[in-house]
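Remarks on the structure that follows.
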Amino acid sequence: MNPYAAPAAIPFERATLVVKEHQPRPLRAFGRWTLICAISAAPSFFWGCALHAEPHQLAAMICGILVFVLAYTLIECTHYYHQIISLPHVHRTAILGYGTRVLISVIFPVGLFVDMFTGMWAVTFVQQLFPNSLEVGHGKSAASFLQVFITTIVQGTFLNGLLLIYMLVVYSILRLFSQVRIRWARGDRRRVSRNASP
């Protein structure tokens, strides 16, 4: 086929329509959320290791973190996720929200402080479900795999709830600034049109 031929000379059967779509990439999404969740969960994992040092307890915490990794990966691979993330200010809100969460986890005292309180809430909640199961004796916790796993899920849910509230505030601020900028732009255009009119 002549590459310099006119478009009309190309057979219709060979013509292809290129449509730009956001196709989910599970492996890339899984790797991204593994990194984000691992860094975000590092302070909580540190406190958890101080209380639950048995191998089955460490495995329970890792499995709890993996649940959130898989959940975020599945959400990102849905069609609704790409519809929502493409809305104005949502993508920037997500970047600022999760970026802040990772930054807080990296900053040593801040991450430990935040995760310590949410961890205490989670332990208190699970103690209501399993009385006396999380008591510590002789430097070791008697919690089972299931109890530590549930505690990890509860704490992760608390942290994600706080993150969601923070992201709603960020989204509201971004929308407010956008509306103010649009009004200023409209006001400038009106002033220019008035000055240009005879």
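Values as computed for the structure displayed
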| read-out | value |
| --- | --- |
| Full-extension gain in nm, R92 to W121, via 0.36 nm per residue minus C-alpha separation | 7.4 nm |
| Cα-derived Rg over Rh, computed across the range 25-186 with Rh taken as Kirkwood radius | 1.06 |
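Quick note: the coordinates plus some simple rules give every number you see, no bench work behind them. Computed from a predicted model, the values in this text were never measured in an experiment.
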